[in-house]
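Below is one structure, written out as structure tokens; comments come after it.
The values are calculated or read from the model by the stated rules, or taken from the named source; none is laboratory data. Owing to the predicted nature of the structure, the values given are computational and were not obtained by experimental measurement. Neighbour counts are summed over all protein chains in view; Cβ atoms, including those assigned to glycine, are modelled from backbone coordinates with ideal geometry. Heads up: the accessible areas ignore ligands, DNA and RNA and are worked out on the full protein's heavy atoms, side chains in. Shrake-Rupley method; radii C 1.70, N 1.55, O 1.52, S 1.80 Å.
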Amino acid sequence: MGHAIAEIMAMAGIGVSMTDVNREFMQKGYDRIKWSLEKFVEKRTIRQEEMDAALARIKLVDGYANTVSNADFVVEAAPEDLDLKKKIFSEIDASAPPHAIIASNTSTLSITAMGSATKRPDKVVGMHFFNPAQLMPLVEVVKGSKTSDQTAQVAVNLAKKLGKTPVLVKKDVRGFVVNSVLGYVFNEAFWALHRGEATRDQIDSAVKYKAGFPMGLFELADFVGLDIIDSASNQMSAEYADRVKVPPVVGPMVKAGKLGQKSGEGFYNWKTGRPRIPFELADEFDVDRIYAAAINGAAWLVHEGVAIPEDIDTAMKFGAGWPSGPCELGDRLGLDVVVAKLNELQTKLNEPSYKPCPLLEEYVSKGWTGRKSKRGFYTYA
Ligand SMILES: NC(=O)c1ccc[n+]([C@@H]2O[C@H](COP(=O)([O-])OP(=O)(O)OC[C@H]3O[C@@H](n4cnc5c(N)ncnc54)[C@H](O)[C@@H]3O)[C@@H](O)[C@H]2O)c1
């Protein structure tokens, strides 16, 4: 991710100093930037002169002190290990100018914890790009508990300067917005499979061909990596034990070395290419269950002040390729219908994950049922 972030900064006219653990890795990163810019030139997205100018803006520098001594904004994209990131943050803090903002591209770790490793926690922020960062439009700007509004605003402005669409994640919760909503939805699919209510193919067919998601959920889990899905699910269930209980589906697969696409096998066999999901099974799984999980998850994010409905919808459309965001979808389906679906599932399956978020219950009790009543997550004219 680091080389891709350096590339888009340089493309936006920003001077970049890039470092890594040694010269060989730095050079590898630089070569990947060159390769990517050449592809853009081949496809006529940019001109050769623009590629040359972008490359001329990138310097390879040894050591954190030399890399950040003149920086206004630092982005860290080291491996996903909190102790390592804290060590890096404290080293950057010791050498960067006092006004500099330090951002992390972490997907799951606490921005607050990284801020606490510095003497400038107000100037530490999450800037979560999506892979490949050169092409994916979304950036989640994440506030730690001490991040100032001004720092978050600078990160939002920078994301816009890079041509991205930023969303503001106002609280440092695990999964931020996109991975949190996806987590609720994955969990619903994994439970349905585990309980024997539907097969992998029935669920993926319904999700892909009925709901219009870009991939089936098992296909996506394999694509992301089952080790990553397992760690993210466990973090979510540790933080939200009252509403997220993880079924023993992915954990045992990871233990058996089935990590998805990267190991050749996960829910699907990837050795023979991308799986074919049968179209004809699309009616054999109730896709409203997936919608209800997504809408309930989004409601929790609104209820707990993590993000506003507009940003949640933008995040799911631009970060996960969903045709609609969960809040606009909830308003369209009817929030009373969604709550009824959750209650029906809770009665039948007696699982805490189906407990409707208090925000949904409050909206429905006020008659705010979505588009039909002109008030739900959004207000309609
Ligand atoms: N890959 C993704 O899809 C994705 C998406 C969004 C965010 N992220 C986040 O970006 C960060 C990097 O992920 P990645 O997939 O690019 O990982 P990666 O393993 O491809 O790259 C990690 C980089 O850190 C360097 N590195 C290794 N050990 C180091 C050390 N001890 N100190 C400093 N640098 C070290 C490596 O040389 C490499 O350049 C993580 O925090 C990850 O959660 C990844």
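Observations
- Condition check for Lys258: open to solvent by 60 Å² or more (accessible area, probe 1.4 Å) and modelled with pLDDT of 95 or more: yes
- Total residues in the stretch 331-350, condition open to solvent by less than 20 Å² (accessible area, probe 1.4 Å) and outside any helix (DSSP H, G or I): 1
- One residue stands out among those in the stretch 287-323 that are assigned to a loop (DSSP other than H, G, I, E, B) and open to solvent by 20 Å² or more (accessible area, probe 1.4 Å): the one that is nearest to Pro166 (Cα to Cα), which is Ile308.
- Scope the stretch 250-286; condition over 22 Å from the mean Cα position of the chain (by Cα) and either within 20 Å of Tyr184 (Cα to Cα) or assigned to a helix (DSSP H, G or I) (or both); matching residues: Pro252, Met253, Lys255, Ser263, Phe279, Glu280, Leu281, Phe285, Asp286
- Any hit, the stretch 138-149, residues being within 16 Å of the ligand (Cβ to nearest atom) and polar (S, T, N, Q): no
- Exactly one residue out of Gly115, Gly126 is away from the ligand (no atom under 15 Å from the Cβ), free of Cβ contacts under 8 Å to residues at least 60 places away in the same chain, open to solvent by less than 20 Å² (accessible area, probe 1.4 Å) and within 21 Å of the chain's Cα centre (by Cα): that is Gly115.
- Only one of Pro79, Pro98 that is within 12 Å of the ligand (Cβ to nearest atom) and not in a helix (DSSP H, G or I): Pro79
- The single condition among (1) in contact (Cβ under 8 Å) with a residue 24 or more places away in the chain; (2) part of a helix (DSSP H, G or I); (3) within 16 Å of the ligand (Cβ to nearest atom) that Glu50 does not satisfy is (3).
- Answer residue from the stretch 32-47, given it is open to solvent by 40 Å² or more (accessible area, probe 1.4 Å) and under 27 Å from the mean Cα position of the chain (by Cα) and is farthest from the ligand (Cβ to nearest atom) among those: Thr45
- Only one of the listed residues (Val68, Val61) is open to solvent by less than 20 Å² (accessible area, probe 1.4 Å), of a type outside the set (Gly, Ala, Ser), farther than 20 Å from Met136 by Cβ and touching a helix residue (DSSP H, G or I) at 6+ places or on another chain (Cβ under 7 Å). That residue is Val68.
- Residues that are closer than 21 Å to Ala6 by Cα and either touching a Ser or Thr at 6+ places or on another chain (Cβ under 7 Å) or open to solvent by less than 10 Å² (accessible area, probe 1.4 Å) (or both), drawn from the stretch 97-112: Ala100, Ile101, Ile102, Ala103, Ser104, Thr106, Ile111
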